[in-house]
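This is the structure I have questions about; it appears just below.
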Amino acid sequence: MSKLTHPEVHMVHRIGWLRAAVLGANDGLVSTASLVVGVAAAGSGRPEILIAGLAGLVAGAMSMAAGEYVSVSSQTDAEQADIARETRELKEMPAAELDELTGIYVARGLDDGLARQVAIQLTETDALGAHARDELGISETVTAHPIQAALVSAATFAVGAVIPLIIAALVPVAQITLVVAITTLVALSVLGGLGASVGGAGVVKGAVRVTFWGALAMAATAAVGMIFGVNVG
Ligand SMILES: [Zn+2]
């Protein structure tokens with residue numbers, strides 16, 4: 001049996017991760033920058049602003065990780081339930097399963113005889129693998145790993161969130177609102193463009209869309225901060 005002379009890495013496997021990473025960083029950037037701008041607009045000092053931002057980073061990263069873990073785990077649970085049922089069916093009714101597999105290859109364009117031959121050979125080699133891949137669409141390369149997905153999601157959120165925090169730690173307190181807002185919008189437009197280009201969509205459209213919502217979020221929290229700042233101060 002011929003083996004692949006060189007391993008092929010298709011972008012499609014990377015696109016999924018890249019897109020999730022860009023969206024995660026986006027979330028971190030928008031939510032933490034909005035928090036920092038809101039607390040700064042209320043007239044707070046640097047320690048309060050940094051504590052609020054850091055708490056937002058940790059809370060956001062944990063909730064992203066929890067959400068990703070739960071959603072990927074339930075997907076994995078569903079896949080495992082499908083595999084268990086398939087295993088049972090292969091044991092209880094192998095002839096019907098062979099017909100089903102043959103039908104899948106006929107539907108993909110093979111003629112009856114060849115489809116049957118392929119189905120027989122693949123069943124002899126790895127029946128469950130063939131059914132999982134060709135009937136259920138489950139294969140090792142696309143199976144998500146909950147812990148890995150949760151860690152990546154938390155890490156990308158933190159990467160986005162740390163940008164406004166660094167700015168808030170470095171610039172004069174009176175300029176935090178303005179400088180964080182501007183740097184965040186620039187970073188969002190870059191991330192938005194990157195996310196769009198990874199997904200094969202228009203870069204400018206992607207950049208404008210993300211920047212618009214980021215600006216709206218920061219404007220809303222700045223307004224809240226100013227209202228409360230006046231009332232509390
Ligand atoms: Zn089957």
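The values are calculated or read from the model by the stated rules, or taken from the named source; none is laboratory data. Quick caveat, the model's predicted, so the values are computed rather than measured. Using ideal geometry, Cβ is built from the backbone for each residue, glycine included, and neighbour counts are taken over all protein chains shown. Each accessible area value is taken on the protein alone, full model and side chains, heavy atoms only, with ligands, DNA and RNA left out. Shrake-Rupley method; radii C 1.70, N 1.55, O 1.52, S 1.80 Å.
Could you list all residues from segment 101-117 that are crowded, with 16+ Cβ neighbours inside 10 Å, more than 15 Å from the ligand (Cβ to nearest atom) and under 19 Å from Gly137 (Cα atoms)?
Across segment 101-117, the qualifying residue is only Leu110.
Among the candidates Glu79, Glu48, single out the residue that is within 16 Å of the ligand (Cβ to nearest atom) and not aliphatic (A, V, I, L, M).
Working: Glu48 fails: within 16 Å of the ligand (Cβ to nearest atom).
After ruling out the rest, the residue left standing is Glu79.
A follow-up question, please. Restricting attention to segment 192-207, does a residue exist that is open to solvent by less than 90 Å² (accessible area, probe 1.4 Å), of a type in the set (A, V, I, L, M, F, W, C) and at pLDDT 90 or above?
yes
Right, next: Mind checking which residues of segment 81-125 are touching a helix residue (DSSP H, G or I) at 6+ places or on another chain (Cβ under 9 Å) and charged (D, E, K, R)?
Scanning segment 81-125 gives Asp82, Glu86, Glu89, Glu97, Asp99, Glu100, Arg108, Asp112, Arg116.
Quick one: which residue in Glu135, Glu97, Glu124 is within 16 Å of the ligand (Cβ to nearest atom), part of a helix (DSSP H, G or I) and open to solvent by 70 Å² or more (accessible area, probe 1.4 Å)? Working first, answer last.
Details: Glu135 fails: open to solvent by 70 Å² or more (accessible area, probe 1.4 Å); Glu97 fails: open to solvent by 70 Å² or more (accessible area, probe 1.4 Å).
Checking each option against the conditions leaves just Glu124.
Of everything in segment 36-46, what is assigned to a helix (DSSP H, G or I), open to solvent by 20 Å² or more (accessible area, probe 1.4 Å) and modelled with pLDDT under 95? Give them in sequence order. Before the answer, list the steps.
We begin by selecting, within segment 36-46, every residue assigned to a helix (DSSP H, G or I); these are 36-41, 46.
The next check asks that each one be open to solvent by 20 Å² or more (accessible area, probe 1.4 Å); those that pass are 39, 41, 46.
Residues satisfying the conditions are Val39, Ala41.
When you scan segment 63-81, do you find a residue that is modelled with pLDDT of 95 or more and open to solvent by less than 30 Å² (accessible area, probe 1.4 Å), even just one?
No - not one qualifying residue is present in segment 63-81.
Quick test for you: out of Ala181, Ala168, pick the one residue that is in contact with a Leu (Cβ under 9 Å, 6 or more places away or on another chain) and either open to solvent by less than 30 Å² (accessible area, probe 1.4 Å) or more than 30 Å from Asp77 (Cβ to Cβ) (or both).
Working: Ala181 fails: in contact with a Leu (Cβ under 9 Å, 6 or more places away or on another chain).
Of Ala181, Ala168, the one residue that is in contact with a Leu (Cβ under 9 Å, 6 or more places away or on another chain) and either open to solvent by less than 30 Å² (accessible area, probe 1.4 Å) or more than 30 Å from Asp77 (Cβ to Cβ) (or both) is Ala168.
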